[in-house]
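The values are calculated or read from the model by the stated rules, or taken from the named source; none is laboratory data. Since the model is a prediction, treat every value here as computed from it, not as a measurement. So basically every Cβ, Gly included, is an ideal-geometry build from the backbone, and we count neighbours across all protein chains shown. When the accessible area is computed, the model is the full protein with side chains, heavy atoms only, and any ligands, DNA or RNA have been set aside. Shrake-Rupley method; radii C 1.70, N 1.55, O 1.52, S 1.80 Å.
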Amino acid sequence: MPFINRIPFKNRTFFFAIFLFWLSANLLTVSASPAPRQKPKSVPASAKGNVPAPRDVIGFTPGDDRKLASWAQFVDYFKALDKASDRLMFEELGKTTMGRPFVVATISSPANLAKLDRYKEIQRKLADPRTIGSNDAEAEKLIAEGRTIVLITCGIHSTEVGANLVSMNIAYKLASDDSQDTRDILDRCIILLVPSLNPDGVDIVKNWYDKTLGTPAEGTSPPELYHHYTGHDNNRDWYAFTQVETQLTVDKLHNVWHPQIVHDIHQQGETGTRFFIPPYVEPWEPNVPPLIQAGVNFMGTAMAWDMLSEGKAGVVINGVYDAWTPARAYQHYHAGIRILSETASARLATPTTVEFEKQTPQVNVDTKKRSWNYPVVWKGGEWKLADIVEYQRSGAFALMRNAARYRERWLKDFYLIGKDAVRERKAGEPFAFLIPHPVSNFNSTSWGMEGFARLVSILERGGVEIKRATSEFEVEGKQYRADTAIVTMSQPYGAFAKTLLERQQYPDLRQYPGGPPMRPYDVTAHTLPLLMGLNAIQINKPFSLPKTDVLRYAGLSRVVRVTDKPFTSGRLAMYKSHSASMDEGWTRWIFDQYKIKSASLLDAEIRAGNLRDKFDSIVFPDQNARAIFSGLPENRYPKEFSGGIGKEGVEALKKFVEDGGTIITFNDASEFAIEHLGVPVKNVLAGVAARDFYCPGSILKIKFDASSELTRNAPTLESTSDESIAWFETSPAFEVTGNDTKVIARYADAKELLLSGWLLGAEKIAGKGAIVEARRGKGRVVMFAFRPQYRGQSVATFPFLFNAIMTSGK
Ligand SMILES: [Zn+2]
């Protein structure tokens with residue numbers, strides 16, 4: 001019923017008078033300010049009756065069982081809100097990998113929306129205190145005037161369907177609710193709401209879900225990656241910036257708005273806690289400013305408190321998730337807190353039931369037992385999409401209430417972080433990194449130049465200022481040539497540069513004293529110079545800079561880069577499992593970057609045989625042997641997607657090699673070659689306990705055979721001619737046990753093996769094979785014990801892979 005009908009009749013005149021007064025006041029306000037929003041308004045301000053609820057536009061309420069929205073429906077809903085509400089502006093920021101609109105809704109009070117440029121300017125100044133001479137009085141004025149900038153990113157992982165859908169519920173409430181809480185949020189904050197960080201995946205998952213409704217496959221993950229190239233790893237791209245979606249978010253939201261608070265909405269497994277929010281567990285990456293750590297802890301704890309008072313059971317803080325890798329936390333190095341939330345999943349949009357006893361423990365929390373960080377245990381039972389979006393809504397509003405209530409404090413800390421970043425550095429503190437230009441320095445190749453260009457582009461995108469020496473100079477008794485890149489630490493995003501340029505020393509964390517290692521949430525190393533085949537020198541003492549100019553990525557395009565030359569890749573194919581492998585996606589991304597043609601080879605085509613007639617080489621990206629052999633389970637997936645390459649496939653691959661083909665395997669897929677293709681190689685780590693050997697994503701040193709055609713043009717570590725790196729992530733290590741099999745690269749001696757990250761039991765793999773070439777019949781199997789194309793970053797080892805491809809079929 002319309003609002004006016006609920007008011008007793010005798011009071012209606014009074015309300016009408018107030019309405020007229022309010023209307024005139026609003027019209028006056030609007031006419032007094034310059035027209036910032038170039039769009040027609042059907043109503044002067046939000047009133048609940050005028051703002052469409054999601055079901056009015058898409059036909060159901062997000063959270064209804066067995067209902068998912070297409071990306072077009074998301075866009076339609078946000079467009080409808082934009083039209084009906086003056087609290088929300090919807091815009092397209094660009095196109096996704098597959099060409100869908102990548103969008104954001106900016107939500108705030110109409111008065112704030114009229115002054116967005118001013119608020120951006122305030123953010124820009126506070127983010128870089130050099131712009132106001134680090135003048136605290138001036139900063140105070142800006143802080144008093146500014147708004148808390150809150151970026152809410154939804155659904156980067158597309159099977160976490162509630163995390164997408166909740167964006168509509170959040171937007172609807174902000175646009176239609178007139179409670180004091182919501183008005184405070186709108187008045188004091190600017191909310192940037194990204195309904196999905198991966199719109200392509202929204203449709204991939206919805207199409208699969210709709211197609212399999214009512215079948216045994218209902219609620220399963222689709223038999224393909226939900227991001228065209230990276231799948232789940234799309235949330236590991238926040239420093240390498242390889243994907244379009246990452247670039248749009250960083251360029252058009254982070255770097256324009258510098259949000260103080262970023263809320264990233266995810267879902268976790270079905271059987272753990274119902275909802276996670278920070279504080280994170282150890283370790284924290286040491287370059288994250290202390291005020292960020294404190295802010296994260298404060299916000300997460302405050303949210304859990306609010307959610308408890310709203311009656312939400314099963315909320316945990318300080319469990320499961322750590323804060324080590326910058327691959328998930330751009331904002332931690334850009335003066336913003338990252339509040340990850342992880343809600344328990346159902347089976348996509350299908351309800352699930354988790355009995356109390358079936359709940360599983362997670363790091364730092366026994367899911368069935370009350371503890372300080374888990375004060376209300378969830379009783380178990382049915383868990384559905386409506387529960388998921390309700391927890392997510394509750395969390396997001398708790399976060400926004402805090403952002404509004406402590407507006408001044410969030411802005412002040414933001415300024416203080418910037419002020420500390422730009423202060424002068426004293427002796428003993430890291431002062432600068434020097435990165436010699438690869439052409440003018442050590443053993444240079446065009447690959448070194450490729451790495452240099454990529455490193456510069458990454459730092460530049462991350463807001464780092466890079467200087468180029470225009471003359472020779474000397475530091476600590478060492479001469480550096482002109483063209484050396486200089487990155488000083490005293491700058492707003494010096495910490496971002498430092499974490500990417502230095503070598504990581506991951507703490508030796510154990511499950512209990514003397515016990516097995518504690519698994520990191522992601523990987524432990526991110527040293528870009530090593531990955532990119534470059535050398536970076538850290539200087540811990542102030543020195544007077546030589547003459548410099550600004551080094552920009554664009555300025556490097558004049559150099560002949562490796563990409564300018566076409567690759568002769570022969571007839572190349574890559575195995576594509578229906579049990580989708582992210583490593584396959586990454587490899588395909590690299591092939592596309594270098595315009596290398598590669599056919600995707602499915603199980604059925606491999607089983608059909610005659611492979612040598614069609615291909616010269618076949619790449620098997622990182623995937624475990626059983627997944628390659630057996631594929632997806634037949635009792636859940638339709639026949640066309642289930643089962644792997646099987647015995648027939650193995651025979652076809654053996655014949656392919658006998659007939660002169662090359663098979664190239666990465667990491668775990670090498671075990672498939674060992675098990676099924678009869679290569680005389682043993683994995684020395686098979687059956688070794690984590691307590692005795694552990695390396696969960698680190699950069700190790702290898703020594704290679706420089707005379708092999710597989711190592712041609714590989715960049716080398718400083719002042720060596722045969723040393724490079726390997727990205728080791730729960731990988732095998734090889735020992736040759738038979739004939740016609742050659743070790744092309746070996747792991748270095750135990751003492752010098754670890755370059756960056758964490759390694760236990762180095763002696764187990766010291767001197768063992770890292771790349772092996774096994775001749776069989778007329779062909780060969782080239783086995784990498786590591787991933788030579790790690791997440792698109794390990795330029796240093798691209799040449800090994802490319803050489804293997806280019807020397808095939810001869
Ligand atoms: Zn996720």
Self-check item: Charge-dipole axis of the chain as Lys and Arg at +1 and Asp and Glu at -1 on Cβ define it, positive-most pick from Phe615, Tyr575, Tyr239
Solution: Tyr239
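Leaving out ligands, DNA and RNA, what percent of the accessible area of region 241-389 is carbon and sulfur, probe 1.4 Å?
C and S atoms contribute 55 percent here.
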Quiz item: Modelled label-to-label distance, Thr353 and Gln593, 7 Å Cα→beta-carbon offset: nm?
Solution: 4.9 nm
Quiz item: Tell me which aspartates and glutamates have Cα within less than 13 Å of Lys768's Cα, excluding those fewer than 8 residues away on the same chain?
Solution: Glu735, Asp749
Quiz prompt | Spin-label model distance (nm) - Ser544 vs Ala427, 7 Å beyond Cα toward Cβ | solution = 1.7 nm
Quiz prompt | Cα centroid of region 121-140 to Cα centroid of region 692-739, whole Å | solution = 48 Å
Quiz item: In the full protein assembly as shown, how much of Asp210 is accessible to a 1.4 Å probe, in Å² to the nearest 10?
Solution: 70 Å²
Exercise. Any chance you could count the Lys pairs in region 322-459 whose alpha carbons are under 27 Å apart, treating pairs 8 or more apart or on different chains as valid?
Key: 9
Quiz item: So who's got an amide H within less than 5 Å of the one on Thr96, skipping anything under 5 residues away but keeping other chains? H placed 1.01 Å off N, in plane.
Solution: Phe102
Self-check item: Largest-first principal axis extents of the Cα set of the chain (Å)
Solution: 100, 70, 53
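If you place +1 on the Cβ of every Lys and Arg, -1 on the Cβ of every Asp and Glu, and leave all else neutral, what size is the dipole of region 395-485 about its Cα centre, to the nearest 20 Debye?
On the way: 15 positive and 12 negative charges, 130 e Å.
The dipole magnitude comes to about 620 debye.
As a quick test, which of the pairs Lys79/Lys120; Lys120/Lys595; Lys576/Lys778; Lys467/Lys751; Lys79/Lys595 have an alpha carbon distance above 29 angstrom in this structure? List each step's numbers first, then the result.
Details: Lys79/Lys120 24 Å; Lys120/Lys595 39 Å; Lys576/Lys778 25 Å; Lys467/Lys751 35 Å; Lys79/Lys595 37 Å.
Cα-Cα > 29 Å for Lys120/Lys595; Lys467/Lys751; Lys79/Lys595; rest within.
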Practice problem: Pick out, from Leu81, Leu602, Gly687, the residue whose Cα sits farthest towards the positive end of the charge dipole of the chain, with +1 on the Cβ of Lys and Arg and -1 on the Cβ of Asp and Glu. | Solution: Leu81
Quiz item: Between Arg775 and Gln511, what is the label-to-label distance in nm when each label sits 7 Å out along the Cα-to-Cβ direction?
Solution: 4.6 nm
Self-check item: Note, ³J(HN,Hα) from phi for region 712-723, Karplus 6.51, -1.76, 1.60, rounded to Hz, x at Gly and Pro
Solution: 4, 6, 6, x, 10, 5, 3, 6, 10, 10, 8, 10
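Once the piece of chain linking Arg118 and Tyr521 is laid out straight, how much longer is it, given 0.36 nm per residue of separation minus the C-alpha distance between them?
Working: separation 403, 0.36 × 403 = 145.08 nm, distance 3.94 nm.
The span from Arg118 to Tyr521 would gain 141.1 nm if fully extended.
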Self-check item: Folded to 0 to 90 degrees: helix 71-84 orientation relative to the chain principal axis, Cα
Solution: 30 degrees
Quiz item: Which of Gly146, Pro129, Pro361 sits farthest toward the positive end of the charge dipole of the chain, with +1 on the Cβ of Lys and Arg and -1 on the Cβ of Asp and Glu?
Solution: Gly146
Exercise. Mind running the shape call on region 650-750? Use the C-alpha gyration tensor, a ≥ b ≥ c as the square roots of the eigenvalues: rounded below 1.5 for a/c, prolate if a/b tops b/c, oblate otherwise.
Key: oblate
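Provide the FRET efficiency to the nearest 0.05 for the Lys95-Glu474 pair, computing r from the beta carbons and using R0 = 41 Å. Show your work: numbers first, answer last.
On the way: r = 49 Å, r/R0 = 1.19.
For R0 = 41 Å, the calculated efficiency reads 0.25.
Given the convex hull of the Cα atoms of region 558-711, what is a quarter of its surface area in nm²?
Computing the convex hull of the Cα atoms and averaging its projections yields 12.2 nm².
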Quiz item: Ranked from highest to lowest mean number of other Cβ atoms within 10 Å per residue, what is the order of the peptides 787-796, 714-723, 107-116, 221-230?
Solution: 787-796, 221-230, 107-116, 714-723
Quiz prompt | Rounded accessible area of Val377 (nearest 10 Å², 1.4 Å probe) | solution = 40 Å²
Practice problem: Skip the ligands, DNA and RNA, and give the accessible area per residue of the chain with a 1.4 Å probe, whole Å². | Solution: 39 Å²
Exercise. Keeping all protein chains in position, work out how much accessible area Phe615 exposes to a 1.4 Å probe, and write it in Å² to the nearest 10.
Key: 20 Å²
Quiz item: How big is the charge dipole of region 47-158 about its Cα centre, in debye rounded to the nearest 20, if each Lys and Arg gets +1 on its Cβ and each Asp and Glu gets -1 on its Cβ?
Solution: 200 debye
Quiz item: About its Cα centre, what dipole magnitude does the chain give when the only charges are +1 on Lys and Arg Cβ and -1 on Asp and Glu Cβ, stated in debye to the nearest 20?
Solution: 1180 debye
